Amino acid sequence: MIEIKDLHKSYRMGSNSLHVLKGLNLSIKEGELVAIMGSSGSGKSTLLNILGMLDEADSGAYNLDGVPIKNLNETKAAKYRNKFLGFIFQSFNLINYKSAVENVALPLYYQKVNRKERQEKAMKYLEKVGLKEWADHLPSELSGGQKQRVAIARAMAAEPKVLLADELTGALDSKTSYEIMDLIQEINDGGKTILIVTHEPDIANMCKRIVHLKDGVIVEDTFVEQVRALEYVQ
Amino acid sequence: MFSRDRWQEIFQTISKNRLRTFLSGFTVALGIFIFTVLFGMGNGLKNTFNEFFMDDATNTFFIFPGRTSMPYKGFKKDRQIEFRNDDLEDIKKDFALYLDHITPRISKSALARYKGESNTYTTRAVAPSHQIMEKTIIMKGRYINEKDIKDQAKNIVIGRLVEIDLFGRSENALGKFLEVGGVIYKVVGVFQDDGGDNEERYIYMPYTTRQLLDKGTDKIDQIILTYKTDIGYAGAMAFDTSLFKYLKEKHKVAPQDQNGIYLRNTADIVKRNMMFANVLQWVVIFVGIGTLIAGVIGISNIMVFVVKERTKELGIRKALGATPASVIGLVLQESIFITTIAGYIGLVLGVGILSIMGNSFKEDYFITNPQVGMDVVITATLILILFGVIAGYVPARRAARVKPIVALRDE
Ligand SMILES: Nc1ncnc2c1ncn2[C@@H]1O[C@H](COP(=O)(O)OP(=O)(O)OP(=O)(O)O)[C@@H](O)[C@H]1O
Ligand SMILES: [Mg+2]
């Protein structure tokens, strides 16, 4: 599903440049649930942004579902993001003047799905994250956990091939975090490929594979026995 | 681009972001409103000006006798010059080439009385061609005619307001007899005049009748004449010079004497008035452009603010698959929509205020019938929309180019 080879990325800041990713190789198959760990500043978000086509690598190859991602213009990138990828952010990034269901329906709008179908699909995914009754509420009327559920529903609504989540539990308490991870595991059980950036070991252990980044290189890449989040819920 | 979905998306952003909508809409509406009102009032000033100064015939000389200030050919200074009927005849004879119409005018104020009502008016004893020079409009009856002059008839033509003053609104003055300065005259006509109220309180009579009543004198107060317009401005100035010289010669006034005879040539005045009217026009245009520029600056600032405020939202949309074109389109279409609606509101309010104002500021502020041409206002609105688009496009394009991660970065 995801194939990267010798990926490099530097940030230029004035005269000096910061080499963040120093030749990464990684292969992720369909249906995997991968945690990317590492200390702060190790390049986790950078990697995820490149995988999400929100940013570009300086060199190296990246194949997403067999499609080489290279020299994309903004329009192409937008289309691929819409078709292949769903994002979940630490700070939710919901549009504050849109209700929960409208937020979930937004990626479908950019897929040119008609209004009625958008509404139906959005409701279906809201129901999946258990927020059907909250459909008409604004983000400001929802708790952090509920907001993240809406964000997950939104990421799912476009029916992408891969879900990318950057510190999706970073703004939540541990109980809510486990509920969210339970939802993520459920989605993964359905076959969706999911990448999660985190620096919390307990969250990472709820994934099936942990990739450790340090100083821009992968220092450890292990498959683990998945801890089910449901055990910690209630 | 203009799909129903897009419009629904825009209506939602508009209605959910009231402050933003209000700010940009208000600026545009205010700009167009002020533009319309100022432009309309400017036009009103111009109208007043035209009405006051362009009302009378413009190819006119006024000639008054004065008192000499120099001795000349055996006459002492301080001699009162007087015009007589033969001056009219001589001018007619010797300047036939230039002359169009000529009339004497003898002004005198007199008490007019009809039944219980009385009032003092200025009477003007004139020849028939006076009508052309003053652009007097006959409402009913007729003006003084040649037969009145020949017969020294006791016929008068009264102003519209004289009729209202003395006869009331219901009674018809035509054919009635009016006592003016102790003499009974028959009213043969009622006139109106665009030159304002004062011009409608005159009483006209044949100059020969006046002279008869003044013990058979042939003295006249002043001579008014119009020249043929095809002689042009240069011809008028030449006519002016030679007529002035001719009259001074005839009445034995020293050529350098500034005071013996006065000749006022409206060709000069008209030229000055035209210049003033042009200056007014420029002031109006200047004010209009000024307000438009202020409006454009306002809308530009607001668009920058709007796009900045939306950076994060636009970043989210891009992460969800919005193309740069759709981001630009969303911002622009919203701004065009608001600008158009707001411009229209400003226009309607402005035109409304102007029509409420109507002529009520005429007396105190010299604003007559303030109006704006639809073409002018629509052009102004289009300019504002255009600049709103440009002002929105630049930041919208920048926002569309910003990488989503930059827009989404938590600060
Ligand atoms: N846009 C940017 N411009 C310059 N430097 C950047 C930029 N984004 C990230 N960096 C730098 O690159 C390095 C890696 O950043 P990145 O955000 O990938 O770290 P991270 O592993 O996600 O850290 P954290 O756990 O704190 O989120 C950091 O040193 C950061 O300062
Ligand atoms: Mg990070």
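The values are calculated or read from the model by the stated rules, or taken from the named source; none is laboratory data. Just so you know, these numbers come straight off a predicted model, no measurement behind them. Using ideal geometry, Cβ is built from the backbone for each residue, glycine included, and neighbour counts are taken over all protein chains shown. Surface accessibility is based on the protein's heavy atoms, side chains included, excluding ligands, DNA and RNA. Shrake-Rupley method; radii C 1.70, N 1.55, O 1.52, S 1.80 Å.
Key figures
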quantity	calculated
Net lengthening on full extension, residue B:242/residue B:301 (0.36 nm per residue, minus Cα-Cα)	14.7 nm
Kirkwood Rh, Cα atoms: Rg over Rh of segment B:195-243	1.14
DSSP bridge orientation in segment B:101-226 - percent antiparallel, rounded to nearest 5	75 percent
Heavy atoms of residue A:179 accessible to a 1.4 Å probe, total area in Å² rounded to 10	50 Å²
Formal net charge of residues neighbouring residue A:7 (Cβ-Cβ distance under 11 Å; K, R +1; D, E -1)	-1
Debye intensity ratio I(q)/I(0), log10, chain B, q values 0.09, 0.11 Å⁻¹ (C-alpha model)	-0.73, -0.89
Test item: Cα-centred dipole of the protein assembly as shown, Lys/Arg +1 and Asp/Glu -1 on Cβ, debye	1180 debye
Percentage of interatomic Cα-Cα distances in segment B:15-101 larger than 20 Å	70 percent
Most to least accessible of A:22, B:73 (protein chains only, probe 1.4 Å)	B:73, A:22
For segment A:1-98, radius of gyration divided by Kirkwood radius, i.e. Rg to Rh on alpha-carbons	0.97
Sites residue A:159 and residue A:11 - FRET efficiency at Förster radius 30 Å, r taken between beta-carbons, to 0.05	0.35
Ordering of B:304-311, B:343-350, B:175-182 by packing [mean C-beta count within 10 Å, highest first]	B:343-350, B:304-311, B:175-182
Shape box of segment B:101-226 [Cα atoms, principal axes, largest first, Å]	37, 32, 23
Partner chain coverage, peptide A:89-95 - average Cβ within 10 angstrom	4
Peptides ranked, highest mean first, by Cβ atoms within 10 Å: ranges A:149-155, B:221-227, B:286-292	A:149-155, B:221-227, B:286-292
Theoretical ellipticity at 222 nm over chain B - DSSP helices of four or more residues, -39500 (n - 2.57) apiece, nearest 500	-19000 deg cm²/dmol
Kyte-Doolittle mean at least -1.0, axial Cα span of 27 Å or more - DSSP H helices of chain B	B:18-53, B:266-319, B:324-357, B:374-401
Segment A:32-188 - Kirkwood radius from inverse mean 1/r over Cα pairs (Å)	16.3 Å
Cα-based Rg / Dmax (Å) for segment A:1-56	12.3, 43
Long-range amide H partners of residue B:155 with built H, under 5 Å	B:186
Debye intensity ratio I(q)/I(0), log10, segment B:257-297, q values 0.34 Å⁻¹ (C-alpha model)	-0.99
Whichever aspartates and glutamates have a C-alpha closer than 15 Å to that of residue B:245, once near sequence neighbours (fewer than 8 apart) are set aside	B:87, B:90, B:94, B:257
Shielding by other protein chains, B:320-330, mean Cβ within 10 Å	6
Net charge of neighbours whose Cβ lies under 13 Å from the Cβ of residue B:394, counting Lys and Arg as +1 and Asp and Glu as -1	+4
With Cα atoms, 0 to 90° folded angle of helix A:74-84 axis to chain A main axis	60 degrees
Residues of type lysines that residue B:248 reaches as a straight line, Cα spacing below 30 Å, ignoring anything fewer than 8 places off in the same chain	B:73, B:76, B:77, B:92, B:93, B:108, B:135, B:150, B:215, B:219, B:228, B:271
Radius, Kirkwood style, for segment A:104-234 when every pair of distinct Cα atoms is counted (Å)	15.8 Å
Per residue convex hull volume, Cα atoms of segment B:144-193, in Å³	78 Å³
Largest-first ellipsoid semi-axes for segment B:63-163, taking √(5λ) over the Cα gyration tensor eigenvalues, angstrom	32, 20, 12
Most positive-pole-ward Cα, B:346, B:297, B:331, against dipole of segment B:237-352 from beta carbon charges	B:297
Heavy atoms of residue B:164 accessible to a 1.4 Å probe, total area in Å² rounded to 10	40 Å²
Of A:98/B:312; A:76/A:121; A:98/A:128, those spanning more than 22 Å from alpha-carbon to alpha-carbon	A:76/A:121
Solvent-accessible area per residue, Å², over the protein assembly as shown with all protein chains present [probe radius 1.4 Å]	47 Å²
Formal net charge of residues neighbouring residue A:147 (Cβ-Cβ distance under 11 Å; K, R +1; D, E -1)	+1
Reciprocal of mean inverse Cα separation for segment B:207-316 (Kirkwood radius, Å)	20.5 Å
Gyration tensor over alpha-carbon atoms, the protein assembly as shown, equivalent ellipsoid semi-axes in Å	95, 27, 16
